[in-house]
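Participant: Next up is a structure, given as structure tokens.
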Amino acid sequence: MNTRAFPELPDLSRDDSLLLMRATAEFAFNSVVITDADHHIIYVNPAFCHMTGYSADELAGSNPRILQGPLTESSVINRLRHDLQASGSFSGATINYRKSGNPYLVEWNISPVRNEAGDVRFYVSIQKDITQLHAEQSTGNLFAKAIDAAYDGIFITDAEGVIEFANQGFEILTGYTPTEVIGRRPSVLKSGKHDDKFYRGLWRRLNKGLPFRAMVVNQHKDGQEIHCQQTITPVKNADGEITHFISIIKDLTDRVFAELKLREQASHDSLTGLLNRRAGEIDLDVALIQAVEKSATLSLLMADIDDFKPVNDTFGHARGDEIIKAVADILMEQTRKTDKCIRWGGEEFIVLLPFCGQDKAQDIAEKIRAAMAGETFGKVGQVTLSIGVTESMADDRPATLLERVDKKLYEAKRQGKNRVAL
């Protein structure tokens, strides 16, 4: 090892000089890695291990390319190889990856250590993680500090959509630390709740230089949905070219779920969980319009609990409520996901069967009737249903359809109850 690389210090022996230089590397703030002439790692200092997440034992004998990944710039690596062959030295910056897989921006230089004959024996590389520094310099140090303190989630991407900065509010809202998302795209937050049309509309506005604002369902790092009000604003340079996008996301999850709960309470029957009559009337209107527009079939069932008043009067309202809930459960079990089950009032129920002809509707009604007839309710014993079935016609209105199915229901009652009438 030549003295140009490791010069003797005044009044120190060569061994003391080497010991001092080793200690300097061990306690250095910047990361130090030394390889042999074939680029196999023979030494890393603690700062390098802290920066990369690898232990010294894991790195020993490896090639530094272990730190490269998808965002590592091939042009920088090609220049590194060229410079080392041409002059033995290199200086540059690119994205490397920690052991965890998270990217970071590194700035480093490489210098050769030659023997007395001038041959390269080792390469010494001094490296520095400049991820956050780069973000602050790109957006302005004061601006970065200001938005980092904001409660709302804020992140900044370059013109290609790669995240360059994320604040503390972003971490609180999404669960991702800035280090985990810098160098990645906002798609890391995709929940799958929005289709391609939504994203095409988003990019159409942004590419025109217009801000985009919408309610967006993002996904937290732990997999939970985050309902956000998100605003994305293009940033242009002096030439009018878009250079960055600033996104602000406000967590409205609690408010959204509160509104959904209120809507649920307003549209559903509190005892059975089925749609209530008000919501059912709206769904009937919509289903009938769709049936006409698409020339499709729509069938309607109306079910009524037989002799319910005597049961209620004799055994009490608690037992009556139990029977009503049992009917609701059977309706949900025996119908399709696309069907709508409605508590029409008291002991009366309606089922909307879109894209369903009368024959299929009769089969569904019969299954409902049989399932109810197979139940027993303690001292009450068997409780049955009478069901009317009808199919919509081209000139039907909700009132005419309801009138017709109501007549069928009472026809089933007159015929002896516990039956289906078409």
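The values are calculated or read from the model by the stated rules, or taken from the named source; none is laboratory data. Source: prediction; values computed, not measured. We place every Cβ from the backbone using ideal geometry, glycine too, and count neighbours over all the protein chains shown. Keep in mind that these areas ignore ligands, DNA and RNA; they rest on the heavy atoms of the full protein, side chains included. Shrake-Rupley method; radii C 1.70, N 1.55, O 1.52, S 1.80 Å.
Participant: Exactly one of these conditions fails for L331: (1) more than 36 Å from the chain's Cα centre (by Cα); (2) modelled with pLDDT of 95 or more. Give me its number.
Facilitator: Result: L331 passes all but (1).
Participant: If I ask for residues that are small (G, A, S) and over 17 Å from I41 (Cα atoms), which ones from segment 90-127 would you list?
Facilitator: Of the residues in segment 90-127, the ones small (G, A, S) are 91-93, 100-101, 111, 117-118, 125.
Within segment 90-127, S91, G92, A93, S100, G101, A117, G118 qualify.
Participant: Right, next: Among the residues of segment 391-407, is there at least one that is open to solvent by less than 70 Å² (accessible area, probe 1.4 Å), part of a strand (DSSP E or B), in contact with a strand residue (DSSP E or B) (Cβ under 6 Å, 6 or more places away or on another chain) and at negative phi? Give the steps one after another, and end with the answer.
Facilitator: Kept after step one, since they are open to solvent by less than 70 Å² (accessible area, probe 1.4 Å), are these residues of segment 391-407: 391-392, 396, 398-402, 404-406.
Within this subset, residues satisfying the condition of being part of a strand (DSSP E or B) are 391.
In the following step, the residues that additionally are in contact with a strand residue (DSSP E or B) (Cβ under 6 Å, 6 or more places away or on another chain) were identified as 391.
Now drop any that are not at negative phi, which leaves 391.
Yes.
Listed here are the residues, each with its yes/no results for (1) more than 21 Å from P112 (Cα to Cα); (2) aromatic (F, W, Y); (3) open to solvent by 50 Å² or more (accessible area, probe 1.4 Å).
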{"site": "F27", "(1), (2), (3)": "yes, yes, yes"}
{"site": "F48", "(1), (2), (3)": "no, yes, no"}
{"site": "G53", "(1), (2), (3)": "yes, no, no"}
{"site": "E58", "(1), (2), (3)": "yes, no, yes"}
{"site": "S62", "(1), (2), (3)": "no, no, no"}
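Participant: Is there any pair with a first residue in segment 288-299 that is of a type in the set (V, I, T) and a second that is open to solvent by 30 Å² or more (accessible area, probe 1.4 Å) whose Cβ atoms are under 7 Å apart and which are 6 or more apart or on different chains, and what are they?
Facilitator: Listed pairs, sorted by first residue: V292/A394; T297/F355; T297/E391.
Participant: Looking for something free of Cβ contacts under 8 Å to residues at least 24 places away in the same chain, touching a strand residue (DSSP E or B) at 6+ places or on another chain (Cβ under 8 Å) and outside any strand (DSSP E or B) - is there at least one such residue anywhere in segment 220-228? So that I can check it myself, show each step before the final result.
Facilitator: Taking segment 220-228 first, the residues free of Cβ contacts under 8 Å to residues at least 24 places away in the same chain are 223-224.
Restricting the remaining residues to those that are touching a strand residue (DSSP E or B) at 6+ places or on another chain (Cβ under 8 Å) gives none.
The answer is no; no qualifying residue exists.
Participant: Additional query: So, restricting to helices (runs of 4 or more DSSP H) that lie completely within segment 286-378, which ones have at least 3 residues that are of a type in the set (G, A, S) and either open to solvent by 60 Å² or more (accessible area, probe 1.4 Å) or within 23 Å of S267 (Cβ to Cβ) (or both)? Walk me through how you get there before you give the answer.
Facilitator: Working: elements: 308-315, 317-334, 358-373.
Answer list for segment 286-378: 317-334.
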